[in-house]
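Input: a single structure, listed below in C-alpha cells.
Here, each number is a calculation from the coordinates, and none is a lab measurement. Keep in mind that what you see is a predicted model, and the values were worked out from it rather than measured. Ideal geometry is used to build each Cβ from the backbone, glycine not excepted, and the neighbour counts take in all protein chains shown.
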Amino acid sequence: MDKFVRYDRKLKYKGTIIDIYKDFITTPEGHNVEFDFIGHKGAAAVIPVMDDGSILLVEQWRNSIDRFTLEIPAGGRDTVNENSKDCASRELEEETGYKSKDIEFLQTIVPVAAYSEEKIDVYVARNLIPSKQNLDEDEFINVRRFSVKELVDMVLSNKIQDSKTAASIMAYYVKYCIG
C-alpha cells in the first residue's frame with residue numbers, strides 16, 4: 001500500500017453550516033487511525049476595490065473568538081453546486097451595499113486543511129456600483145475603507161488575523177501592486 005485509504009466515515013453532528021464526521025483511515029504503513037473531519041459546502045469571498053484603489057472591509061462580531069474582526073466580504077455557498085463567482089457577487093452586495101459586473105478570480109484558499117474540506121474562492125471586484133446592504137438577521141456589519149498600504153501593514157502587525165482576509169490582501173498586493 002502506498003497511499004492513505006479512508007475505509008469509513010461516520011456522521012457525528014449535522015449542522016447548519018458544517019457537518020462533523022469521524023474518518024477511519026489506513027496509512028501507507030498499514031496502521032488504522034482516526035481523524036476528525038468537517039464537511040463544508042464551500043464559500044466565496046471578494047476584495048471590493050473602489051475607484052481610488054482603496055479597499056472595503058467589513059467589521060463584524062465573531063462569536064467563535066468573542067470579538068470584532070476586519071474581513072473581506074464572504075459567505076458560504078447556498079449549495080455545493082452554486083457558482084462561487086455568483087456567491088461572491090451576492091455577498092459583495094449583501095455585506096457592503098455595492099454591486100459589480102467586473103469580478104475577477106484571484107485565488108482559492110483552504111483555511112484549515114488539517115480537518116476541513118472548506119475551500120474559499122476569492123475574487124476581486126472593481127467598478128463598484130452603489131446598491132443596498134441586505135444583511136442576514138444575525139449580521140451586524142460596519143463597512144470600512146482602507147488603502148492597500150494600511151491593509152498590508154495591518155496584516156503584518158497582526159491586526160488582521162482572519163486567514164482568508166490576510167492571505168487575500170497579501171495576494172492582491174503582490175499581484176496588483178508590486179507584481
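Worth a mention:
- Cleavage-rule hits, trypsin sites (Lys or Arg not before Pro), segment 12-120, DSSP coil, Cβ neighbours within 10 Å at most 14: Lys101
- When you filter the GluC sites (Glu not before Pro) in segment 27-123 for DSSP loop state and at most 12 other Cβ atoms inside 10 Å of their Cβ, you are left with Glu29.
- For Thr69, neighbours were defined as the other residues whose beta-carbon sits under 12 Å from its Cβ, and their charges (Lys and Arg +1, Asp and Glu -1) total +1.
- Hits among lysines - C-alpha to C-alpha of Lys10 under 28 Å, sequence gap 8 or more where chains match: Lys22, Lys41, Lys119
- Estimated FRET transfer efficiency when R0 is 45 angstrom, pair Ser131-Asp36 (beta carbons, to 0.05): 0.65
- Selection from Tyr176, Tyr13, Ala114 lying farthest towards where the dipole of the chain points positive, charges on Cβ: Tyr176
- The chain, helix-only ellipticity at 222 nm - DSSP H runs n ≥ 4, -39,500 (n - 2.57), divided by all residues, nearest 500: -5500 deg cm²/dmol
- For GluC sites (Glu not before Pro), the sites in segment 126-179 that DSSP calls loop and that have at most 13 other Cβ atoms within 10 Å are Glu137.
- Two-site FRET efficiency, Phe140 against Leu11, from Cβ-Cβ distance with R₀ of 30 Å, rounded to 0.05: 0.40
- Value of D in µm² per second that Stokes-Einstein yields for the chain, Kirkwood Rh from Cα pairs, at 20 °C (1.002 mPa s): 121 µm²/s
- Straight-line cross-link reach from Lys175 at under 20 Å between alpha-carbon atoms covers these lysines, not counting any fewer than eight positions away in the same chain: Lys85, Lys149, Lys164.
- Computed magnitude of the charge dipole of the chain (debye, nearest 20; Cβ of K, R +1, Cβ of D, E -1): 200 debye
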